[in-house]
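Q: Here's a structure for you.
The values are calculated or read from the model by the stated rules, or taken from the named source; none is laboratory data. It should be emphasised that the depicted structure is a prediction, and the values quoted were computed from it without experimental measurement. Every residue, glycine as well, gets a Cβ built from its backbone with ideal geometry; the counts of neighbours run over all protein chains shown. Ligands, DNA and RNA are excluded from the accessible area calculation, which covers all protein heavy atoms including side chains. Shrake-Rupley method; radii C 1.70, N 1.55, O 1.52, S 1.80 Å.
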Amino acid sequence: MGFVLFGIFTVMEVGLLVWTLKKQGRKGDWLRNSTAVRAVETAVFLLVVLLSEGGISFRFKICLLVLFLRLAVSLVFWLLKRKKALGPKSKSGAAVSTCMGILVLGISLMPAFLFTGYAGLPTTGEYEVKQASAILVDESRIETFESDGSFREVPVYFYYPDTENTGAEQFPLVLFSHGAFGYYQSNTSTYMELASHGYVVVSMDHPYHSFFTKDSDGKLITVNPEFLNEVMRVDSDEAAPEEVQEISHKWLEIRTADMCFVLDSLEEDAVPSDIRTILANADLEQIGLMGHSLGGAASVQLGRDREDIDAVIDIDGTMLGERIAFENGAYKHYETPYPVPVLALDNEEHHQVNMEQREAYTNWYVLKHAKDGMETWISGSEHMNFTDLPLFSPILATKLGTGSRDARECVEIMNEIVLQYFDHYLKGKGELNIKESY
């Protein structure tokens, strides 16, 4: 839709320029005609957006503001100067005005270029899904990313079944951790699907690891530059294995501490009163963990560290916490088998690494020696296909890594696998029928 509007605006702006050059119109004519063109542009915008979108979404608000400002300025100039603007409009001035107009309109439509009108996938469960949020303050930890002595804050977001018309029930709890410089909404379709089938899902932000979040004072917190640089170094293979070992365990220490704090707060009812109402329907005897990328690694680590975890899903992440050292040119792993059911859901290239390196690759080693380990993968997928980003912003997702497989299909397959896995291990429901690949 953004490109359609930009095309319409460009044609109208260029048409005004061509008319001006051909007719050699006076400045007064230019002011009148440009005002008329801007009025038509605004009307076309409102008509097209309202008919196609049903409202003005965030993707078009900047453009709407720009259109109104341009129209207002043009109208004021025409009313004030129409009688004095007697000379011919210069060709160069008209050309510059046209180019600037197209540029400004193009910039104002950038959100429409970058983002789709994605509003989530339809859920398949019997429950309507409700949402709530809170910011939990961990008074046992000082925020190491700040120097003001403040405590670590962890924003949490709840997706849970609406039981208002169905009566009280108990639902397993699933905790989600996002990837490096991700954010809590990265896998919203998955949370919604689980909640619609009777799960209380808690997605969390990891401040300074998240792309952005807010603290309890409303302050915007963006990703820490040092953390961002560390991730880029590790991903580009610039860091030596010993450095990777040190850096990755530093990351996991922060994330698993966040996750432990959230679980402990939920289990101890150390949460706001409105959240306690949600937890009244949460079965804290049945807890699942899942995460994407670095969040998957943190989930796997926590599954080993805590005794109250019943199943873990690692969504396209390397199980960094299972590496306990780098010695004699190779990573050393835990000798004790991974203690709880764990599923690795991988992209095609990740699966190929798993198969090629085998014992030398952490995931392969962990899954082979786990008490109950499993891997499945989706052909034609890449890393970001395991988030909602390709559905929300295909352009950004492509830059970060998407495969040839249809993005919606990838997410739907992932959600089906996640639901089946947690149904089996957290609800004791049905046989596990996850294929080796999809």
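Q: Scan the range 252-263 and tell me whether some residue there is surrounded by fewer than 16 Cβ atoms within 10 Å (Cβ to Cβ) and not in a helix (DSSP H, G or I).
A: No, there is no match, as no residue in the range 252-263 is surrounded by fewer than 16 Cβ atoms within 10 Å (Cβ to Cβ) and not in a helix (DSSP H, G or I).
Q: So which residues in the range 385-425 are free of Cβ contacts under 8 Å to residues at least 60 places away in the same chain, open to solvent by 40 Å² or more (accessible area, probe 1.4 Å) and among the hydrophobic types (A, V, I, L, M, F, W, C), if there are any at all?
A: Within the range 385-425, Leu400 is the sole residue that qualifies.
Q: Please state which one of Ser216, Ser210, Ser186 is in contact with a strand residue (DSSP E or B) (Cβ under 9 Å, 6 or more places away or on another chain), modelled with pLDDT under 95 and among the small types (Gly, Ala, Ser).
A: Sole residue among the options that is in contact with a strand residue (DSSP E or B) (Cβ under 9 Å, 6 or more places away or on another chain), modelled with pLDDT under 95 and among the small types (Gly, Ala, Ser): Ser216.
Q: Something else: Restricting to the range 62-74, and then to whatever is in contact (Cβ under 8 Å) with a residue 12 or more places away in the chain and loosely packed, with under 15 Cβ neighbours inside 10 Å, can you tell me which residue is farthest from Gly106 (Cα to Cα)?
A: Ranking the qualifying residues of the range 62-74, first place goes to Phe68.
Q: While we're on this one: What are the residues in the range 379-433 that are of a type in the set (Ser, Thr, Tyr) and within 13 Å of the chain's Cα centre (by Cα), if any?
A: Thr387, Ser393
Q: In the range 288-308, what count of residues is obtained for those that are surrounded by fewer than 23 Cβ atoms within 10 Å (Cβ to Cβ) and either outside any helix (DSSP H, G or I) or at pLDDT below 95 (or both)?
A: Final tally of qualifying residues: 3.
Q: Check Tyr160, Tyr127 and return the single one that is part of a loop (DSSP other than H, G, I, E, B), touching a strand residue (DSSP E or B) at 6+ places or on another chain (Cβ under 9 Å) and of a type outside the set (Val, Ile, Thr).
A: None of the other options fit; the residue is Tyr127.
Q: Report every pair of residues separated by at least 6 positions or lying on different chains whose Cβ atoms are under 6 Å apart, first residue within the range 1-25 and farther than 17 Å from Leu47 by Cβ and part of a helix (DSSP H, G or I), second of a type in the set (A, V, I, L, M) and at pLDDT 90 or above.
A: Pairs that qualify, where the first residue is farther than 17 Å from Leu47 by Cβ and part of a helix (DSSP H, G or I) and the partner is of a type in the set (A, V, I, L, M) and at pLDDT 90 or above, are Thr10/Ile102; Glu13/Ile102.
Q: Would a scan of the range 383-392 turn up a residue that is farther than 20 Å from Leu121 by Cβ and among the aliphatic types (A, V, I, L, M)?
A: No, the range 383-392 contains no residue that is farther than 20 Å from Leu121 by Cβ and among the aliphatic types (A, V, I, L, M).
Q: Failed condition for Trp30, given (1) touching a Lys or Arg at 6+ places or on another chain (Cβ under 9 Å); (2) open to solvent by 60 Å² or more (accessible area, probe 1.4 Å); (3) farther than 20 Å from Phe113 by Cβ; (4) of a type outside the set (S, T, N, Q), with all others met?
A: Exception for Trp30: condition (2).
Q: Here's something else I'd like to know. Only residues that are assigned to a loop (DSSP other than H, G, I, E, B) and open to solvent by less than 10 Å² (accessible area, probe 1.4 Å): list them for the range 163-184, please.
A: Result: His178, Gly179.
Q: Do we find a residue being among the hydroxyl-bearing types (Ser, Thr, Tyr) and part of a helix (DSSP H, G or I) anywhere in the range 219-230?
A: No, the range 219-230 contains no residue that is among the hydroxyl-bearing types (Ser, Thr, Tyr) and part of a helix (DSSP H, G or I).
Q: A follow-up question, please. Among the residues of the range 112-136, how many are open to solvent by 60 Å² or more (accessible area, probe 1.4 Å) and either more than 23 Å from the chain's Cα centre (by Cα) or of a type in the set (S, T, N, Q) (or both)?
A: Residues flagged as open to solvent by 60 Å² or more (accessible area, probe 1.4 Å) and either more than 23 Å from the chain's Cα centre (by Cα) or of a type in the set (S, T, N, Q) (or both) within the range 112-136 amount to 4.
Q: Same structure, new question: Specify the residue that is surrounded by the most Cβ atoms within 10 Å (Cβ to Cβ); the eligible residues are those in the range 342-377 that are in a strand (DSSP E or B) and in contact with a Leu (Cβ under 8 Å, 6 or more places away or on another chain).
A: Ranking the qualifying residues of the range 342-377, first place goes to Val342.
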